[in-house]
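Rule-based calculations on the coordinates, nothing more; no lab input. Treat the numbers as computed from the prediction; the structure is a model and nothing was measured. Glycine gets a Cβ as well: all are built from the backbone with ideal geometry, and neighbour counts include every protein chain shown.
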There are 2 protein chains.
Amino acid sequence: MYRGSDEVIAQSNPSFMNGVPELLILRLLQAREMYGYELVQTIRAETGNVISLGEGVVYPALHALEKQRALKSRRKDVGGRTRVYYSVTASGAKRLTALSTQWARITGAVGTLMGEARHAAAAI
Amino acid sequence: MYRGSDEVIAQSNPSFMNGVPELLILRLLQAREMYGYELVQTIRAETGNVISLGEGVVYPALHALEKQRALKSRRKDVGGRTRVYYSVTASGAKRLTALSTQWARITGAVGTLMGEARHAAAAI
DNA sequence: TGCGATACCTATAAATTATAGGTATTATAC
DNA sequence: GTATAATACCTATAATTTATAGGTATCGCA
């Protein structure tokens, strides 16, 4: 829906989440294979609920990454329940590297403009 | 255009830019009043082209922020050209504080999950 | 037997950046 | 002197992506 260019930005609070779900999913799955529901909970737990991705975000992301061959999956039956475990392919690992670099570049550039106190002080 | 949930994510490379234009604009204008074209160039220059916002991003953002009373503007004629200088209002300053905090929270959480080496080592 | 947790899934809405234009003036290079 | 790049403003629409709100089914516990 188009509502005039003056209202295109800042309708609500930006979440700063562009690209973050994909980045985190690839990163966690590179450490070890996990299933969707587990990813949702792990991300919540390890960030102290700062980042809380719904299943409606995680499952479509997993499917898309698998379709692109960045992830591969296998089914596993555990206690009568079916889990779909995902792991990172070689292609996915390359993508993760690229996304990590891009993330570092953007956050670094924002940090510079924000006048962030350089933590390079650790070198002292 | 809707193309099926499997293609909703990761069509191209995420830019990690959600909310960043608004954050940078508010931050730069808090330091000193600037006009739109100047913001575009300053952001490019100070980030070494890592972040390059088009005028089509900056001007609508300025108009929206002014409409929300986060910014105020005044015209100024310089060498036959008209410039529109923007500065941050009290409300805009509060918004900047909130966005900065949110930015720090998100990047901190992502850093944790990415296994970032803690720069808290500076305390040693 | 009812309810919360586990585990999967999809469709659509909402929000925001990116792109591609368009106007006009000034300074510079040919 | 005239074409071109730079300055300075602007808008409309496309493209991208997250968020929300559902829906199904099984298991364990009260």
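Quick check on my filter: what residues within region B:12-56 are of a type outside the set (Ser, Thr, Tyr), within 9 Å of chain A (Cβ to nearest Cβ) and closer than 19 Å to B:Gln102 by Cα?
Hits for region B:12-56 are B:Phe16, B:Met17, B:Asn18, B:Gly19, B:Val20, B:Pro21, B:Glu22, B:Leu23, B:Leu24, B:Arg27, B:Leu28.
Within region B:24-59, work out how many residues are of a type outside the set (S, T, N, Q) and in contact with a Gly (Cβ under 9 Å, 6 or more places away or on another chain). Can you show your working first?
Just the residues of region B:24-59 that are of a type outside the set (S, T, N, Q), to begin with: B:24-29, B:31-40, B:43-46, B:48, B:50-51, B:53-59.
Imposing the further condition that a residue be in contact with a Gly (Cβ under 9 Å, 6 or more places away or on another chain) reduces the set to B:26-27, B:29, B:31, B:40, B:50, B:55, B:58-59.
Total meeting the criteria: 9.
Looking at (1) in contact with a Lys or Arg (Cβ under 6 Å, 6 or more places away or on another chain); (2) at the interface with another protein chain (Cβ under 10 Å from one of its Cβ atoms); (3) within 11 Å of DNA strand D (Cβ to nearest atom), can you tell me which one B:Tyr59 breaks?
(1)
Return yes or no: is B:Ile51 crowded, with 20+ Cβ neighbours inside 10 Å and in contact (Cβ under 8 Å) with a residue 40 or more places away in the chain? If you could, list the steps in order and put the result at the bottom.
Details: crowded, with 20+ Cβ neighbours inside 10 Å: yes; in contact (Cβ under 8 Å) with a residue 40 or more places away in the chain: no.
When the stated conditions are applied, B:Ile51 does not pass them.
Taking only region A:66-92 into account, find how many residues are more than 10 Å from DNA strand C (Cβ to nearest atom) and among the small types (Gly, Ala, Ser).
5
What are the residue pairs meeting all of these: first residue in region B:77-105, first residue more than 14 Å from every other protein chain (Cβ to nearest Cβ) and more than 16 Å from B:Ala61 (Cα to Cα), second residue within 14 Å of DNA strand D (Cβ to nearest atom) and not β-branched (Val, Ile, Thr), Cβ atoms under 7 Å, and 6 or more apart or on different chains?
Going by the 7 Å Cβ cut-off, the qualifying pairs are B:Thr82/B:Arg75; B:Arg83/B:Tyr35; B:Arg83/B:Lys76.
Would you pick out the residues in region A:16-58 that are farther than 27 Å from B:Glu22 by Cα and outside any helix (DSSP H, G or I)?
Result: A:Arg32, A:Glu33, A:Met34, A:Tyr35.
Any residue at all in region B:70-84 that's closer than 18 Å to A:Gly111 by Cα and loosely packed, with under 15 Cβ neighbours inside 10 Å? Steps first, please.
Of region B:70-84, the ones closer than 18 Å to A:Gly111 by Cα are none.
No; the residues of region B:70-84 include none that is closer than 18 Å to A:Gly111 by Cα and loosely packed, with under 15 Cβ neighbours inside 10 Å.
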